[in-house]
Amino acid sequence: MATLFQGLPSSTAFSSSNKFNHVPAPTSFSERKSSIVTVRSDARWSPVLNYATHKPQRLITNAVATKADSSLASTSSKPGHELLLFEALREGLEEEMERDPCVCVMGEDVGHYGGSYKVTKGLATKFGDLRVLDTPIAENSFTGMGIGAAMTGLRPIIEGMNMGFLLLAFNQISNNCGMLHYTSGGQFKIPVVIRGPGGVGRQLGAEHSQRLESYFQSIPGIQMVACSTPYNAKGLMKAAIRSENPVILFEHVLLYNLKDRIPDEEYVLSLEEAEMVRPGEHVTILTYSRMRYHVMQAAKTLVNKGYDPEVIDIRSLKPFDLHTIGKSVKKTHRVLIVEECMRTGGIGASLTAAITENFNDDLDAPIVCLSSQDVPTPYAGTLEEWTVVQPAQIVTAVEQLCQ
Amino acid sequence: MSFSATNFAQPRPVPVGIRSNEKSLSSDPFRFRFRGSPSFLGSPHSLRFNPTPPLKLAIPHSRRSPAAAVTDVSNGKMVKSSANMLITKEEGLELYEDMILGRFFEDMCAQMYYRGKMFGFVHLYNGQEAVSTGFIKLLKKEDTVVSTYRDHVHALSKGVPARAVMSELFGKATGCCRGQGGSMHMFSKEHNLIGGFAFIGEGIPVATGAAFSSKYRREVLKEASADHVTLAFFGDGTCNNGQFYECLNMAALWKLPIIFVVENNLWAIGMSHLRATSDPEIWKKGPAFGMAGVHVDGMDVLKVREVAKEAIERARRGDGPTLVECETYRFRGHSLADPDELRDPAEKARYAARDPISALKKYMIENKLANEQELKSIEKKIDEVLDDAVEYSDESPLPPRSQLLENVFADPKGFGIGPDGKYRCEDPKFTQGTAHV
């Protein structure tokens, strides 16, 4: 843990040239080492105190320190392995299932079929039909069943074949998942992970293109995270499974086939922290999930035009990492939020309120929030494109903001 | 060990639904013959009704339990042949005490409510004690009970102390849920009572999950002693709700160790069961999913107990779920706010004559299992328990402000990282309960 993270000045983390056409690598090696080191844009690191639960996230420090000459040099000599995002999710899931026999999966077609997006492929053969349970099509009930199992000692991961289907489970998620720890006076904990693909895909139609983060965010007692790269997908999956709180992990249909290199060593990320994607000076762009890629694409254009945007993937949709966000706002004084959520009552709306409440004095301009339009996602490709935020809009917004 | 769904795709022939005063059992699976027309349910208007069952409790044909030894001999009382007794004296007294506790507790609740000691929605269980006592007194401590908003007596039967339940109702910090749950959310980890749910039907999947846990422990974690069963209590109104059917399906499919206990008291607030349900015979819905469906007279604790025994044994063996429909009745309104104007007074009178406590009392006295004195002393004891519970609750402190944020998350890191870089739960305002989340 004491290893210094050496020599990654902010400007090299993302040069404008070649990083934006594919998945950007994690911004610094320190992120790989430890879930509790946050990277600041001035290349100093500072530890966030790790308030250990009874399952401490300890492995990270040892993992890197296995070699005697533990330093960045050794990390870079272990390049890790390449895989796609859905495989990263599967790896995280598999590791946790091996580690703790109480971890189980339930959902439609997760077992023999391997999951509609292959996140659970092969797990049923390995762990058995009871640990990777194919459920009938009854979201409300099997979500409730997962909650009951969690209250009696198991650690289920409930998969919604599409996040939108979890609307049918809203009763259980809101009333039971979020509230039972409180109404029972703390007697029962509900360590479930509810996960599934959501977001706007390629012409999937309105009902399969929903973003439920806005509906779930008001439920007290749950945490929500959104993954966007293979690296953070695996890390967040593991963190969510180990968490004693109910966590909703939002994946995106279009990101499952992203390829990237992730460390061989075991690592767990923090559920509450945001990820610095690209440090900058002029404007803070807050985003999550698929919009991260639209933002990075826009950033390429912006850098060519002479702007220096700071891009943060907020990752934790509830609660917000006000520290990373706040530090950024205090530096750049301008905020642009880019999200795929609906305009009304979305994550961006909450984030705007939170920033205004906490950092109003640091803002030189009103916060601009680019969200999807309040339109049921049309089937037609052209119309679908216009409901979602595109890189050109991001570029225009930054230009206007920085005037 | 992997278990394949194909193993239980075939519903095995299920035991016939037993009606506990049926003299002979049909060997035809999935069908059930019973006396008279399917008008055993009371109706609000036309007075079709069952003749009052004989007070001497009939023993179901196959239920002659040789193990029902009588211990009265040691007390020097002359008793008749023990082979016919369904219960021993100890068991009888235990059942009586539990039902008296339930009844007196609920009456005390009503009193306290009208004195302004508790607020909100309070749903009382008067009249239905036979179901709670009949089932729960057969359980082990590790077995799980899931209930609805009408959960005070289930909590008491399961062993939650009257003090803890009463102070929860008073909203005090010493309540079983620290005052945070209230009347409709009774929980006890120690006694494996996992709710207490305000929306009907939403506890049934949770119960299914508890049963799943038990099966998982046995088959995946290989814990040989994991034969715990789960009881899910709910009403007739719930039986028209999707969650009920979805869970019947899953429980039968995976042979979960669960018993679905329907407390059919014929009324869902002001909606008569017959007006809400296309086929009012709920027990029939069990065989439709491949599980045993049983109808029992829920005003008779001994009949309920016999049915419960079989259902619990079935679940413990790993032979899957049972659906038990208990015909019962609530003597009070749906809640203390319900004027209860829709129910026919004649119907109420009919069921009042079948008061389960009076019935058990009569049985015990007639069969020389106990005398008036002993039963009176039980009632006195319960009076004292309740007075103590009320006194304890009165004197208990209200929850302090510092309690406000403590149980929102099991891991309070869930409140996130504040602007200063520290986790918000580190903020002293959190321990004082004055932080805004």
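The values are calculated or read from the model by the stated rules, or taken from the named source; none is laboratory data. Quick caveat: nothing in here was measured; it's all calculated off a predicted structure. Positions of Cβ are backbone-derived with ideal geometry, glycine not excepted, and every protein chain shown enters the neighbour counts.
Structure values in brief
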quantity	calculated
Residues located in segment A:365-389, provided they are small (Gly, Ala, Ser) and more than 23 Å from A:ALA354 (Cβ to Cβ)	A:ALA380, A:GLY381
Number of positions in segment B:337-354 that are surrounded by 13 or more Cβ atoms within 10 Å (Cβ to Cβ) and either basic (Lys, Arg) or assigned to a loop (DSSP other than H, G, I, E, B) (or both)	8
Failed criterion for A:THR284 (all others in (1) modelled with pLDDT under 95; (2) surrounded by 22 or more Cβ atoms within 10 Å (Cβ to Cβ) hold)	(1)
Qualifying residue in segment B:312-326 (condition: among the acidic types (Asp, Glu), in contact with a His (Cβ under 7 Å, 6 or more places away or on another chain) and not in a helix (DSSP H, G or I))	yes
Selection within segment B:165-190 - touching a helix residue (DSSP H, G or I) at 6+ places or on another chain (Cβ under 8 Å), more than 8 Å from every other protein chain (Cβ to nearest Cβ) and surrounded by 24 or more Cβ atoms within 10 Å (Cβ to Cβ)	B:VAL165, B:MET166, B:SER167, B:LEU169, B:SER183, B:MET186
Selected residue [within 10 Å of another protein chain (Cβ to nearest Cβ) and touching a residue at least 24 places away in the same chain (Cβ under 8 Å)] from B:ALA210, B:ALA252, B:ALA268	B:ALA210
Any hit, segment A:229-237, residues being at pLDDT 95 or above, surrounded by fewer than 24 Cβ atoms within 10 Å (Cβ to Cβ) and among the charged types (D, E, K, R)	no
Segment B:239-284 - residue that is part of a helix (DSSP H, G or I) and basic (Lys, Arg) and, of those, nearest to B:ILE312 (Cα to Cα)	B:LYS284
When residues of segment A:185-210 are limited to those that are within 13 Å of chain B (Cβ to nearest Cβ) and not β-branched (Val, Ile, Thr), the one nearest to B:SER183 (Cα to Cα)	A:GLY185
Residue match in segment A:305-314 (condition: more than 14 Å from chain B (Cβ to nearest Cβ), assigned to a helix (DSSP H, G or I), within 22 Å of A:ASN232 (Cα to Cα) and not aromatic (Phe, Trp, Tyr))	no
Residue in segment A:364-392 that is farthest from A:ILE314 (Cα to Cα), counting only those that are of a type in the set (A, V, I, L, M) and crowded, with 17+ Cβ neighbours inside 10 Å	A:VAL388
In segment B:358-387, the residues that are free of Cβ contacts under 8 Å to residues at least 24 places away in the same chain and either more than 26 Å from B:CYS109 (Cβ to Cβ) or not assigned by the TED database to the domain that holds B:ILE100 (or both)	B:ILE365, B:ASN371, B:GLU372, B:GLN373
Residues of segment B:191-207 classified as assigned to a helix (DSSP H, G or I) and more than 7 Å from chain A (Cβ to nearest Cβ), total	2
Out of B:SER402, B:SER396, sole residue that is among the small types (Gly, Ala, Ser), more than 28 Å from A:ALA150 (Cβ to Cβ) and in contact with a helix residue (DSSP H, G or I) (Cβ under 8 Å, 6 or more places away or on another chain)	B:SER396
Residue list for segment A:117-138, filter: within 16 Å of A:GLY196 (Cα to Cα) and either more than 12 Å from every other protein chain (Cβ to nearest Cβ) or free of Cβ contacts under 8 Å to residues at least 12 places away in the same chain (or both)	A:TYR117, A:LYS118, A:VAL119, A:THR120, A:LYS121, A:ALA138
So A:ALA169, is it among the small types (Gly, Ala, Ser), at the interface with chain B (Cβ under 7 Å from one of its Cβ atoms), touching a residue at least 24 places away in the same chain (Cβ under 8 Å) and closer than 30 Å to B:SER183 by Cβ	no
Verdict on A:MET161 being more than 30 Å from B:GLY171 (Cβ to Cβ), of a type in the set (A, V, I, L, M) and more than 8 Å from chain B (Cβ to nearest Cβ)	yes
Number of the exception - A:THR324 against (1) touching a Pro at 6+ places or on another chain (Cβ under 7 Å); (2) part of a helix (DSSP H, G or I); (3) touching a residue at least 60 places away in the same chain (Cβ under 8 Å)	(1)
When residues of segment B:378-437 are limited to those that are within 27 Å of the chain's Cα centre (by Cα) and of a type in the set (A, V, I, L, M), the one nearest to the other protein chains (Cβ to nearest Cβ)	B:ALA389
Unique match (being out of contact with any Asp or Glu (no Cβ under 8 Å at 6 or more places or on another chain), at the interface with chain B (Cβ under 7 Å from one of its Cβ atoms) and on the phi > 0 side of the Ramachandran plot) among A:GLY146, A:GLY153, A:GLY114	A:GLY153
Odd one out for B:THR238, checked against (1) touching a Phe, Trp or Tyr at 6+ places or on another chain (Cβ under 6 Å); (2) of a type in the set (Ser, Thr, Tyr); (3) farther than 28 Å from B:THR277 by Cα	(3)
Pairs where the first residue, in segment A:357-385, is away from chain B (no Cβ under 14 Å) and more than 14 Å from A:CYS341 (Cα to Cα) and the second is assigned to a helix (DSSP H, G or I) and of a type in the set (Phe, Trp, Tyr), C-beta under 9 Å, 6+ apart	A:PRO378/A:TRP386
From A:SER174, A:SER141, residue being within 7 Å of another protein chain (Cβ to nearest Cβ) and small (Gly, Ala, Ser)	A:SER141
Hits in segment B:213-225 - residues which are at the interface with chain A (Cβ under 7 Å from one of its Cβ atoms) and either hydroxyl-bearing (Ser, Thr, Tyr) or part of a loop (DSSP other than H, G, I, E, B) (or both)	B:SER213, B:TYR216, B:VAL220, B:LEU221
